[in-house]
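Asks: So that we are looking at the same thing, I have put the structure below in structure tokens.
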């Protein structure tokens, strides 16, 4: 899990590479400046960094603030998966692709639930953004681009990431940021949470208040960009906005919803509340909530055909275990109590089935089950159910029906892979927890990424980009490959290229 200590370690490693300057060089006597910044960016992450870089390249004076002690935001632990069409890399490989085809795929995979206006902007900017990153030194993995990984596939090879995940992207951005800071056009303030937006009598945003070293500072700016990420480390806000508990403690610790709070404070509104979707789950470290990740179980039937059954708290199966669509399995898990299920099997399956947990032996599973926490074991199904928190009658009935289906070759759920009955104790259950770490709800913006009020009117001087917009705007109620990181990069780059600077800001 990424915490403040690892962030500080990362800061030191970036500094050793010449990618950050010392804390002394970051101090800005902002209250003594005679002129305002052209652009104040709240959040030095996936969207904020490219915005700062490109605004500086145009001669703009930029203030980049972040509550964390290090730049990069979620790129520190993100897989950094990107999707882009019409790139130079694709053309060099003979791949015929276009932003139109990318748009069609996103809307198909999201079943029309993504925001078409925002998706259109994202896919149009994705290709140039990836070309820029590669020109600056990003190296995609060998064999990339690929069709997909883990979720519904694209119709064409347009899915890319680097060997070090999000850090591959961060290293490129950090080098470019340092080049612009050397030119004196970007001031960087870390450990500086923004507490409020400043608004003129006419209603335009004209700066921010931020805390630094226990002192509140005022920074004036002609434009403000909210790029401070989502709220996945704020369980109370998560439950308020999504209507579900936050079961996993694995998000970036500074994803606290600051940008959403700031936007609402000046009349902005949030959208995407109906778009929550859980992943198909993982094994947590213990039975608390939220808890850290412990391991994953291979539930993709194309990689490992299932031997076990999946049951909910009532002991009922709720999905065909070899359902080929990850999206359909996730939708099936969403209405289950606490988005939780148990993988149930017996000793014969444990001994014969291919390993389900990467790098775990069968003995590792037996030892974990002996502890009777998250992993469980018992000599009877009824005892197993009691220990695991499953309805015993429901589990016994479900296993009986499943065994009848195995014997007849006709499973009630239409499952095809029926290798063995669950009939030989000891019996086992592994508790799986559905979860999400991307924030679905976000700040409402128009097609120019201007923050809007409930009437659809833009709030002058205020823009938003990145996860602060909500993952659902670019992926809908689905997980669409590369449609989190790439839109954040692209929107930050676009705003840095196009926002009015200097005297233009008042036009």
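Asks: With the calculation restricted to Cα positions, what are the radius of gyration and Dmax of the stretch 356-507 in angstrom?
Replies: In order Rg, Dmax, the Cα atoms of the stretch 356-507 give 26.2, 78 Å.
Asks: Go through 206-219, 228-241 and give me the packing order, highest mean Cβ count within 10 Å leading.
Replies: Working: 206-219: 15.6, 228-241: 22.6.
Ranking the peptides 206-219, 228-241 by packing returns 228-241, 206-219.
Asks: Tilt of helix 48-57 relative to the longest C-alpha principal axis of the chain, in degrees (0 to 90, nearest 10)?
Replies: Its long axis makes an angle of about 30 degrees.
Asks: Over the alpha-carbon set of the stretch 425-507, divide Rg by the Kirkwood Rh and report the Rg/Rh ratio to two decimals.
Replies: Here Rg/Rh amounts to 1.24.
Asks: Order by neighbour count: 441, 406, fewest other Cβ atoms within 10 Å first, most last.
Replies: With the fewest neighbours first, 441, 406 line up as 406, 441.
Asks: Two decimals, Cα atoms only, Kirkwood Rh: what is Rg/Rh over the stretch 178-259?
Replies: 1.06
Asks: Ok, one more. Taking every eigenvalue of the Cα gyration tensor of the stretch 283-433, multiplying by 5 and rooting it, what semi-axes result, largest first, whole Å? All intermediate terms of the calculation are to be shown ahead of the outcome.
Replies: Values: eigenvalues 83, 63, 53 Å².
Over the Cα atoms of the stretch 283-433, the ellipsoid semi-axes are 20, 18, 16 Å.
Asks: For the stretch 41-113, just list the percent of Cα-Cα distances falling in each 5 Å bin from zero outward, please.
Replies: It works out to 3, 13, 14, 13, 15, 18, 14, 8, 1, in whole percents.
Asks: I need to check one value: relative contact order of the stretch 283-433, counting alpha carbon pairs closer than 8 Å and at least 6 residues apart, in percent. Present the calculation step by step, with values, prior to reporting the outcome.
Replies: Details: 256 pairs, mean separation 47.4, N = 151.
The normalised contact order for the stretch 283-433 reaches 31 percent.
Asks: What's the exposure ranking of 360, 161, going from fewest to most Cβ atoms within 10 Å? Before the final figure, lay out the partial values.
Replies: Numbers: 360 15, 161 25.
Least crowded to most crowded, the residues run 360, 161.
Asks: Quick check on the chain: of the DSSP beta bridges with both residues there, what percent are antiparallel, nearest 5%?
Replies: Around 70 percent antiparallel, to the nearest 5.
Asks: Report Rg(Cα)/(2.2 N^0.38 Å) for the chain, keeping two decimals.
Replies: Taking the Cα Rg and dividing by 2.2 N^0.38 Å, one obtains 1.05.
Asks: Something else about it: How big is the C-alpha Rg of the stretch 200-322 next to the rule-of-thumb value 2.2 N^0.38 Å, as a ratio?
Replies: 1.52
Asks: If each Cα of the stretch 264-324 is one equal point scatterer, what is log10 of I(q)/I(0) from the Debye formula at q = 0.26 Å⁻¹?
Replies: Debye intensities relative to I(0), on a log10 scale: -1.21.
Asks: If you don't mind, another one. Could you tell me the distance between the Cα centroids of the stretch 142-161 and the stretch 418-466, to the nearest Å?
Replies: After rounding, the separation between the Cα centres reads 21 Å.
Asks: To continue, here is another question. Given 37 °C and 0.692 mPa s, how large is the Stokes-Einstein diffusion coefficient of the stretch 368-425 in µm²/s, with Rh as the Kirkwood radius over Cα pairs?
Replies: 265
Asks: Something else now. Tell me the angle of helix 392-408 to the major Cα principal axis of the chain, expressed in degrees between 0 and 90 and rounded to the nearest ten.
Replies: 70
Asks: Fewest first, what order do 471, 76, 144 take by the number of other Cβ atoms within 10 Å?
Replies: Numbers: 471 28, 76 19, 144 16.
Least crowded to most crowded, the residues run 144, 76, 471.
Asks: Taking every Cα atom in the stretch 320-377, find the radius of gyration and the maximum pairwise distance Dmax, and write them in Å.
Replies: Over the stretch 320-377's Cα set, Rg and Dmax evaluate to 13.6, 34 Å.
Asks: Relative to the longest principal axis of the chain, what angle (0 to 90°, nearest 10) does the C-alpha long axis of helix 116-135 take?
Replies: Tilt relative to the chain: about 80 degrees.
Every number in this text was worked out from the coordinates using simple rules, so none of it is lab data. Worth saying up front: this structure is predicted, and the values here are computed from it rather than measured. Here Cβ is always computed from backbone atoms with ideal geometry, including for glycine, and neighbour counts include all displayed protein chains.
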